[in-house]
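Heads up, the thing below is written out as structure tokens.
The values are calculated or read from the model by the stated rules, or taken from the named source; none is laboratory data. Small disclaimer: the values here were computed from a predicted structure and weren't measured. All Cβ positions, even for glycine, are placed from backbone atoms using ideal geometry, and neighbour counts span all protein chains on display. All accessible areas refer to the heavy atoms of the entire protein, side chains included, with ligands and DNA or RNA removed. Shrake-Rupley method; radii C 1.70, N 1.55, O 1.52, S 1.80 Å.
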Amino acid sequence: QVQLEESGGGSVQPGGSLRLSCATSESVFRVADMGWYRQAPGKQRELAAYISRGGETNYAPSVKDRFFISRDKADNLVRLQMNSLKVEDTAVYYCKAWVNGDDYWGQGTQVTVSS
């Protein structure tokens, strides 16, 4: 069973930074492409950032050059560094893994950006 556990959400003022982490097992981390999605109130869930198992990355235009996704092989973590946060970044952030044609979701972590 694929398990994904997010951490690192919280509240921050506009312009601030947060770092999210998604933990999984070594066996999943080794083969999975990973991503961070987000869902704001009343809106559809959208892809924010993606990283392949080979390290190729892709970002939504709204977060490009502010968010950075990375893989930590030592700890089997996928991290999302979020800088220059805006009020419109407020959402529940979900970790997603694609494994052998199936996809799996974490439980989500709340990120709130407000003054």
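Tabulated data for the structure shown
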{"quantity": "Test: residue in the stretch 44-61 that is of a type in the set (D, E, K, R) and touching a residue at least 60 places away in the same chain (Cβ under 8 Å)", "calculated": "no"}
{"quantity": "Pairs with Cβ under 6 Å, 6+ apart, first in the stretch 6-19 and over 18 Å from CYS95 (Cα atoms) and in contact (Cβ under 8 Å) with a residue 60 or more places away in the chain, second open to solvent by less than 60 Å² (accessible area, probe 1.4 Å) and hydrophobic (A, V, I, L, M, F, W, C)", "calculated": "VAL12/LEU18; VAL12/LEU85; VAL12/VAL113; PRO14/VAL113; GLY16/LEU85"}
{"quantity": "Selection count, the stretch 6-37, where residues are surrounded by fewer than 16 Cβ atoms within 10 Å (Cβ to Cβ) and either of a type in the set (Val, Ile, Thr) or under 13 Å from GLN110 (Cα atoms) (or both)", "calculated": "5"}
{"quantity": "Identity of the residue in the stretch 7-46, under 16 Å from VAL63 (Cα atoms) and among the aliphatic types (A, V, I, L, M), that ends up farthest from the chain's Cα centre (by Cα)", "calculated": "ALA40"}
{"quantity": "Residue match in the stretch 38-47 (condition: surrounded by 12 or more Cβ atoms within 10 Å (Cβ to Cβ), among the small types (Gly, Ala, Ser) and under 19 Å from GLY8 (Cβ atoms))", "calculated": "yes"}
{"quantity": "Scope the stretch 39-76; condition in a loop (DSSP other than H, G, I, E, B) and in contact with a helix residue (DSSP H, G or I) (Cβ under 8 Å, 6 or more places away or on another chain); matching residues", "calculated": "ALA40, ARG53, SER62, VAL63, LYS73, ASN76"}
{"quantity": "Count - residues of the stretch 16-38 that are assigned to a strand (DSSP E or B) and not small (Gly, Ala, Ser)", "calculated": "9"}
